[in-house]
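Have a look at the structure below, then the notes.
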Amino acid sequence: MSGIFRKRNTTAYADALFCEAEGLRRLSDGLKAAGIETIRVPEVVGVDESTLEITAIEPARAGDEALEALGEGLAALHRLPQSMYGWRRDNYIGLSPQPNRWAEYWGEFFVQERLRYQVSRIRASSVRNRFEDILDRCDDTLISWLNEHCDQPSLLHGDLWSGNVLFDSEGPWLIDPAIYCGDREADLAMTEMFGGFGSAFYRAYDRAFSRTSVYEQKRDIYNLYHYLNHYNLFGSSYQCGCERGFLAMQELCARAA
């Protein structure tokens, strides 16, 4: 690590970098509370509407040891129970707003603040109306199922794909968070969305805090949020991912009803 990295605000939102800075600080606090020193978060040196200054990272190849450290550390962070689901303020996921509120139940929060919000942003009315109809028919069953299969709120990175984890010669760093408190398996689901983190990561995570028996069903539902976000940002190349997610939702609700 050396020097300062300066990130420019490329969004349309004046508070985007302030939210990112808060996310980095809260992740750092959470890792310290969990006693984790093997995962690091860049220090926020300065932030304003246009620029975020953080400690720079000299990238290196990630071997199995670094991936294991990431898995074990993330599991320890997820083990720390939080008081409620959601977050104290709205923030951002990539270039998109991410609405938050405090909620007692995970299912209601995820369906309303994640799925329904993204569906409401779809510009093509035929697609939006079709997806809203599926949610209308499935939401009660889905909410109950998600509530049943989430044991506690955990602090989530929120945007945990491979591009938001860097490695240097000493191990992993977490960057670009979209933090909130939710089902830990939402973080894990996104790690698989664009290719996965490698078997060493998942083995280490499962040794420390094993995934639930319904993780694979959850994965398709949780990644639907991210496919919807990418569809809204980047267009039709992500619609197939949305369609798969809604099909998985309908199949799950048919079994659970």
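Derivation of every value follows stated rules applied to the coordinates shown; laboratory data play no part. Everything numeric in this text was worked out from a predicted model, so none of it was measured. A quick note on method: Cβ atoms are made from the backbone with ideal geometry, for glycine too, and the neighbour counts reach across all protein chains shown.
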Hey, what angle do you get for helix 215-234 against the long axis of the chain, alpha-carbon based, 0 to 90 degrees rounded to 10?
80
Given a Förster distance of 30 Å, the FRET efficiency implied by the Cβ-Cβ spacing of A14 and F234, rounded to the nearest 0.05, works out to 0.85
For the chain, cysteines with no other Cys Cβ under 4.7 Å from their own Cβ are listed as C19, C150, C181, C240, C242
Using 7 Å Cα-to-Cβ label points, what is the F5/A256 separation (nm, one decimal)?
3.7
What number, in percent, do you get for the relative contact order of the chain if the mean sequence gap of Cα pairs under 8 Å and at least 6 apart is divided by its residue count?
23
Using a 10 Å cut-off around each Cβ, can you sort W87, W145 from fewest to most neighbouring Cβ atoms?
W145, W87
Got a sec? How would W106, W173 order by Cβ neighbour count within 10 Å, fewest to most?
W173, W106
Any chance you could give the angle, 0 to 90 degrees and rounded to 10, that helix 16-33 forms with the longest Cα principal axis of the chain?
70
Degrees, to the nearest 10: 199-208 long Cα axis against longest axis of the chain
90
If every Lys and Arg gets +1 and every Asp and Glu gets -1 at its Cβ, then about the Cα centre the chain yields a dipole, in debye to the nearest 20, of 400
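Quickly rank 90-98, 150-158 as a protection proxy: mean count of other C-beta atoms within 10 Å, highest first.
For the peptides 90-98, 150-158, the packing ranking is 150-158, 90-98.
For the chain, what proportion of DSSP beta bridges, expressed in % and rounded to the nearest 5, is antiparallel? Please list the in-between numbers first.
Details: 21 of 22 bridges.
In the chain, DSSP labels about 95 percent of beta bridges as antiparallel.
Among R207, R61, what is the fewest-to-most ranking by other Cβ atoms within 10 Å?
Details: R207 12, R61 8.
Ranked by crowding around the Cβ, least crowded first: R61, R207.
Tell me, what is the FRET efficiency for E132 and S83 to the nearest 0.05, using R0 = 45 angstrom and their Cβ-Cβ distance as r?
The formula returns an efficiency of 0.90 here.
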When the convex hull of its Cα atoms is projected in every direction, mean area for the chain (nm²)
13.1
